Amino acid sequence: MPHPNQLISLLHLASPALPIGGFSYSQGLEAAIDSGFVTDAETAEVWIRDNLLHVQAHAEAPLWILLHRCWQSSDHAGVAAWNEWFHVSRETAELRLETEQMGWSLARLIAQMGWGDEGLRAALLAQSPVCLPTAFTAACVALGVDAREGLTAYCFSWLENQVAAALKTVPLGQVAGQRILYRLYPALQEAVAEAARRADSDPPMLSTFSPMLGVLSARHETQYSRLFRS
């Protein structure tokens with residue numbers, strides 16, 4: 001049985017009003033625009049879809065499911081291991097700082113809100129650093145959100161933030177951004193399904209191979225003019 005407040009909790013966690021600073025990051029999109037790979041609504045949609053299906057779905061999303069399972073079973077050693085794995089998989093300083101800052105902000109919010117039991121909150125705050133997927137999965141377990149629905153909300157939040165970054169930087173109009181969001185519904189569902197398949201394999205199939213994103217993220221660190229922190 002789904003938790004009776006699952007939908008409300010999902011809306012809360014996926015809201016851009018959640019005070020963890022997601023609006024300040026573009027995850028390489030700003031560098032892709034500066035380098036000429038993204039120039040309009042069509043190329044922005046291609047960039048976001050490719051990252052959703054071939055970056056998020058291959059590593060961060062299946063890892064999210066594994067972390068959710070660890071929190072559900074109170075496997076705090078497993079949480080620590082996957083949290084460390086994700087942190088060392090970040091290829092650039094900006095990507096590491098992004099997950100550290102957002103993860104710390106969400107972990108602090110969980111503590112302040114009193115979500116979950118004392119053991120969960122203590123285990124979360126014991127992570128140093130705490131990565132965003134680790135904190136988000138902890139919040140989902142604390143609020144009674146199941147893995148599939150929680151991951152969908154997590155990926156939609158990422159997707160919405162990418163579109164918001166494109167609106168500011170390409171730039172795009174509001175309607176163009178909404179069209180991109182709507183057209184990427186099937187890709188979002190596909191990414192969640194692929195993540196589940198990878199998490200369920202033995203051993204889990206996680207791949208961080210994304211050389212273009214790594215190069216662009218590294219370039220962004222010294223980009224002359226920028227709006228975003230990544």
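Strictly greater than 24 Å: what percent of every Cα pair in region 1-127 meets that?
For region 1-127, the fraction of Cα-Cα distances above 24 Å is 38 percent.
Can you give the Rg/Rh ratio of region 96-204, where Rg is from the C-alpha atoms and Rh is the Kirkwood radius?
Working: Rg = 16.1 Å, Rh = 15.6 Å.
Expressed as Rg/Rh, it is 1.03.
For a quick check: with amide H placed at 1.01 Å from N, whose amide H comes under 5 Å from Leu172's, ignoring anything fewer than 5 positions away on the same chain?
Leu167
Roughly how far apart, in whole Å, are the Cα centres of region 162-183 and region 7-65?
Measuring centre to centre over Cα atoms gives 12 Å.
Please give me, ordered by residue number, the GluC sites (Glu not before Pro) of region 170-230 that lie in loop per DSSP and have at most 14 other Cβ atoms within 10 Å.
Glu221
Please list 3J(HN,Hα) in residue order for region 183-189, calculated via the Karplus relation 6.51 cos²θ - 1.76 cosθ + 1.60 where θ = phi - 60°; whole Hz, with x for glycine and proline.
5, 8, 3, x, 5, 4, 5
Whats the longest run of the chain with zero chymotrypsin sites (Phe, Trp or Tyr not before Pro) that are DSSP loop and have at most 15 other Cβ atoms within 10 Å?
Longest site-free region, per DSSP loop and neighbour criteria: 1-208.
When the Karplus curve 6.51 cos²θ - 1.76 cosθ + 1.60 is applied with θ = phi - 60°, which whole-Hz ³J(HN,Hα) does each residue of region 107-115 get, with x for Gly and Pro?
These are the phi-based 3J(HN,Hα) values: 4, 5, 5, 4, 5, 5, 7, x, 6 Hz.
Output wanted: per-residue J couplings in Hz (rounded whole) for region 162-178, from phi through Karplus 6.51 cos²θ - 1.76 cosθ + 1.60, θ = phi - 60°, x for Gly and Pro.
Rounded to whole hertz, the list is 5, 5, 4, 5, 5, 4, 7, 9, 4, x, 10, x, 4, 5, 4, x, 5.
With n ≥ 4 as the cut-off for DSSP H runs, can you work out [θ] at 222 nm for the chain, using -39500 (n - 2.57) per run divided by the number of residues, rounded to the nearest 500?
-20500 deg cm²/dmol
Taking the Cβ of Asn5 as the center, what net charge do the other residues with Cβ under 13 Å away carry, scoring Lys and Arg +1 and Asp and Glu -1?
Values: positive: none; negative: Asp146, Glu149.
Its environment carries a net charge of -2.
If I stretch the segment between Asp146 and Asp117 completely, what's the gain in nm (0.36 nm per residue apart, minus their alpha carbon distance), one decimal?
8.8 nm
Mind jotting down the three principal axis lengths of region 153-229 based on Cα atoms? Whole angstrom, largest first.
The Cα atoms of region 153-229 stretch 45, 32, 16 Å along the principal axes, largest first.
The numbers here are math on the coordinates, done by the rules we state, and not lab data. Fair warning: this is a prediction, and the values are worked out from it, not measured in the lab. All Cβ positions, even for glycine, are placed from backbone atoms using ideal geometry, and neighbour counts span all protein chains on display.
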